[in-house]
Amino acid sequence: MDAERFDTLVATHHREIYRYLARTTFRTSEADDLAQETFLRAYRAHRTLPPDANARAWLFAIATNVAKNHFRAESRRRRAHAAVRETRNETDGAGPEGETLLNEARALLDTVVAGLPLKQRLAFTLRKVHDLDYDAIARSLDCSPDSARAHVFQALRKIRRSLNGSEFSLGRDER
Amino acid sequence: MMRKPSVCQKIEPELVATAIGDADTTTAARVETHVRACAPCRQDLARYRAIDSAVGAWRGAPAPAEELVGARLTSRLADLRRRTLVYRIFPSPLGPILIARSEEGVSCIEYLTGGSDFAHSRLSREEGIEALLDGAEVEALYRDLLEYVEGRRTRLEWPLDLRLARSEFHRAVLQATAQIPYGAVRSYAGIAGVLGKPAATRAVAQALRWNPLPIVVPCHRVIGASGALTGYAGNRVMLKQRLLAVEGIRAIGPRSDSRVARNTLYHYDRNDQREYCLPTCGDIARRPIGPVTLLASRELAGAMGLVPCSACRPDLHPLAA
């Protein structure tokens with residue numbers, strides 16, 4: 001890939017890579033750093049990318065690796081989990097009595113997703129938010145497509161169990 | 001929590017796949033059949049669908065501060081791109097050669113001595129650059145270089161990036177050296193003169209000692225005022241001799257003191273008539289080379305816009321090839 005194609009790649013995918021990292025790391029400043037790291041790595045490697053490769057999936061794979069390195073230590077994951085709770089409390093400002101039940105349920109969903117084990121969280125986000133196929137997710141997570149599928153399944157099962165009994169489980173669509 | 005019947009446990013992955021749209025039609029039909037008869041699974045399916053639709057709202061939703069994050073990436077990427085040199089190491093008749101280039105142009109050609117890996121290169125010790133082994137981009141340069149060394153090509157029309165020059169003066173020396181045409185030889189003093197610093201002969205030699213782009217910046221075409229080849233790439237004066245020979249410039253004498261054979265070369269001492277001479281014209285071949293340019297052929301003299309001397313008439317008395 002030449003320099004010009006790389007520029008196009010940055011312009012086209014920077015935002016969604018940042019969104020992906022923001023959703024999986026919870027802090028925007030960290031997501032910004034990690035998105036930069038992703039594209040710096042991509043620049044270093046882009047010459048070896050075959051012309052017919054799926055560049056988008058390749059970028060998600062790099063971003064996933066960057067995120068995995070970032071969260072390697074379990075303690076950091078815990079801190080992040082705590083951080084998302086804090087952030088929610090800050091941003092939702094109005095306090096519980098001002099929130100609709102649906103918003104509350106959505107915030108809960110965010111928190112539940114944030115608490116998923118890393119691989120499940122990454123696989124789930126790649127599949128459900130960024131619509132990557134299981135082959136691409138498998139390459140990102142360095143596992144088989146079946147394992148990728150299993151991660152997404154486990155993630156959803158945990159989400160459902162965590163949300164059971166909350167208003168959300170009888171979401172808007174069912175009312 | 002009550003345990004689910006095993007049939008329900010077994011179908012749960014398929015149920016999830018159906019809820020999130022990942023299941024094929026056969027699987028989805030199987031799940032539909034099951035949930036028609038199983039109320040708890042029906043409820044689960046509805047819950048999974050609700051989760052799926054809630055998560056769907058995340059798609060395309062902007063992340064916080066999204067508008068602000070592009071700028072730092074742009075500047076860090078630009079910085080990395082400026083610093084990056086891609087290189088590869090090739091075998092060559094002159095020994096292993098490292099070729100590196102930036103996005104601007106060819107920035108390093110290095111004869112590797114003491115080992116043909118990157119750790120032995122001068123490039124590995126340069127600061128402020130990031131060297132990446134890769135080099136599909138330098139492959140074509142290598143082919144040109146091979147052709148050149150084998151005498152099948154006389155020009156290397158590459159964009160050059162002189163970033164590894166150690167100072168502005170060094171850069172000026174390299175630029176002046178790059179102007180010496182194929183088949184011509186000048187002296188260190190001559191280059192110093194071109195730069196308007198006639199006393200800087202040693203500094204010119206020093207600058208060429210650090211030439212980051214040998215061959216393409218043809219420091220092998222710069223010799224001592226006595227005609228001695230002096231040094232090249234450390235103590236590899238044989239390489240200099242070889243590169244000059246490819247261009248039709250012979251050297252004579254023992255290896256430790258080889259010098260160009262001036263009597264086989266045309267001489268051009270700058271003059272208003274732009275006349276070039278035979279080495280036998282007056283005392284020209286006995287004077288130090290200094291500002292004189294030595295030329296391998298009359299064709300080259302013609303290409304440089306020079307005319308035959310009206311006294312010695314190199315046009316009528318060509319030197320034996």
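Inspect the range B:308-317 for any residue being among the charged types (D, E, K, R), surrounded by fewer than 18 Cβ atoms within 10 Å (Cβ to Cβ) and either assigned to a helix (DSSP H, G or I) or modelled with pLDDT of 90 or more (or both) and give the result as yes or no. Yes, the range B:308-317 contains a residue that is among the charged types (D, E, K, R), surrounded by fewer than 18 Cβ atoms within 10 Å (Cβ to Cβ) and either assigned to a helix (DSSP H, G or I) or modelled with pLDDT of 90 or more (or both).
Does residue B:50 satisfy being closer than 23 Å to residue A:35 by Cα, more than 42 Å from the chain's Cα centre (by Cα) and either small (Gly, Ala, Ser) or within 11 Å of chain A (Cβ to nearest Cβ) (or both)? For residue B:50, the condition - closer than 23 Å to residue A:35 by Cα, more than 42 Å from the chain's Cα centre (by Cα) and either small (Gly, Ala, Ser) or within 11 Å of chain A (Cβ to nearest Cβ) (or both) - is not met.
Are any residues in the range B:101-131 within 14 Å of chain A (Cβ to nearest Cβ) and either touching a helix residue (DSSP H, G or I) at 6+ places or on another chain (Cβ under 6 Å) or more than 19 Å from residue A:47 (Cβ to Cβ) (or both), and if so, which ones?
So in the range B:101-131, the residues within 14 Å of chain A (Cβ to nearest Cβ) come out as B:101-105, B:129-131.
Passing the criteria: B:101, B:103, B:129, B:130, B:131.
Count of the range A:31-59 residues, restricted to those that are touching a His at 6+ places or on another chain (Cβ under 7 Å), surrounded by fewer than 18 Cβ atoms within 10 Å (Cβ to Cβ) and within 11 Å of chain B (Cβ to nearest Cβ), is 0.
Just to be sure before I move on: is residue A:5 touching a Pro at 6+ places or on another chain (Cβ under 9 Å), farther than 20 Å from residue A:142 by Cβ, part of a helix (DSSP H, G or I) and more than 10 Å from chain B (Cβ to nearest Cβ) in the structure I sent? Yes; evaluated as a whole, the condition is true for this residue. Taking the residues in the range A:60-70 that are touching a residue at least 40 places away in the same chain (Cβ under 8 Å) and surrounded by fewer than 18 Cβ atoms within 10 Å (Cβ to Cβ) as candidates, determine which candidate is nearest to residue A:121 (Cα to Cα). Selected residue: A:68. Screening residue B:5 with (1) more than 7 Å from chain A (Cβ to nearest Cβ); (2) out of contact with any Cys (no Cβ under 9 Å at 6 or more places or on another chain) gives one miss only, at (2). Here B:57, B:65, B:71 are screened, and the one residue that is at the interface with chain A (Cβ under 7 Å from one of its Cβ atoms) and either among the charged types (D, E, K, R) or without any contact (Cβ under 8 Å) to a residue 12 or more places away in the chain (or both) is B:65.
Looking at residue A:23, is it of a type in the set (D, E, K, R), at pLDDT 75 or above, in contact with a Ser or Thr (Cβ under 7 Å, 6 or more places away or on another chain) and assigned to a helix (DSSP H, G or I)? Walk me through how you get there before you give the answer.
Values: of a type in the set (D, E, K, R): yes; at pLDDT 75 or above: yes; in contact with a Ser or Thr (Cβ under 7 Å, 6 or more places away or on another chain): yes; assigned to a helix (DSSP H, G or I): yes.
The answer is yes for residue A:23.
For the range B:155-165, enumerate the residues that are in contact (Cβ under 8 Å) with a residue 40 or more places away in the chain and either farther than 20 Å from residue B:103 by Cα or in contact with a Pro (Cβ under 7 Å, 6 or more places away or on another chain) (or both). Steps first, please.
At the first step, the residues of the range B:155-165 found to be in contact (Cβ under 8 Å) with a residue 40 or more places away in the chain are B:156, B:158-165.
Within the range B:155-165, B:164, B:165 meet the criteria.
Tell me, which helices (runs of 4 or more DSSP H) lie completely within the range B:24-140 with 2 or more residues that are crowded, with 17+ Cβ neighbours inside 10 Å and in contact with a Gly (Cβ under 8 Å, 6 or more places away or on another chain)?
On the way: elements: B:25-37, B:39-56, B:70-83.
By residue number, B:39-56.
Can you find, within the range B:146-179, the residue that is modelled with the lowest pLDDT among those that are part of a loop (DSSP other than H, G, I, E, B) and crowded, with 18+ Cβ neighbours inside 10 Å? The residue in question is B:156.
In this structure, does residue B:247 turn out to be acidic (Asp, Glu) and touching a Cys at 6+ places or on another chain (Cβ under 7 Å)?
Values: acidic (Asp, Glu): yes; touching a Cys at 6+ places or on another chain (Cβ under 7 Å): no.
No, not satisfied.
Just one of B:211, B:235 is at pLDDT below 90 and of a type outside the set (Phe, Trp, Tyr); which is it?
Details: B:211 fails: at pLDDT below 90.
Within the list B:211, B:235, the selection yields B:235.
Could you go through the range B:219-235 and let me know if any residue there is assigned to a loop (DSSP other than H, G, I, E, B), more than 22 Å from the chain's Cα centre (by Cα) and more than 17 Å from residue B:290 (Cα to Cα). Scanning the range B:219-235, I find at least one residue that is assigned to a loop (DSSP other than H, G, I, E, B), more than 22 Å from the chain's Cα centre (by Cα) and more than 17 Å from residue B:290 (Cα to Cα), so the answer is yes. Of the numbered criteria (1) without any contact (Cβ under 8 Å) to a residue 40 or more places away in the chain; (2) under 20 Å from residue B:151 (Cβ atoms); (3) under 21 Å from the mean Cα position of the chain (by Cα), the one residue B:214 fails is (1).
Residue count for the range B:85-100, restricted to those that are within 14 Å of another protein chain (Cβ to nearest Cβ) and either out of contact with any Cys (no Cβ under 7 Å at 6 or more places or on another chain) or of a type in the set (Ser, Thr, Tyr) (or both): 3.
Pairs are defined by a Cβ separation below 6 Å, a sequence spacing of at least 6 or placement on different chains, a first member in the range B:120-149 that is polar (S, T, N, Q), and a second member that is assigned to a helix (DSSP H, G or I); the pairs so defined are B:124/B:118.
Identify the residue in the range A:130-151 that is part of a loop (DSSP other than H, G, I, E, B) and more than 23 Å from residue A:15 (Cα to Cα) and, among all such residues, is farthest from the other protein chains (Cβ to nearest Cβ). By that ranking, first place goes to A:142. Here residue B:143 clears all of (1) assigned to a loop (DSSP other than H, G, I, E, B); (2) assigned by TED's automatic domain parsing to the domain that holds residue B:92 except the condition numbered (1).
The values are calculated or read from the model by the stated rules, or taken from the named source; none is laboratory data. It should be emphasised that the depicted structure is a prediction, and the values quoted were computed from it without experimental measurement. Methodologically, a virtual Cβ is constructed for each residue, glycine included, from the backbone with ideal geometry; neighbour enumeration extends over all protein chains shown.
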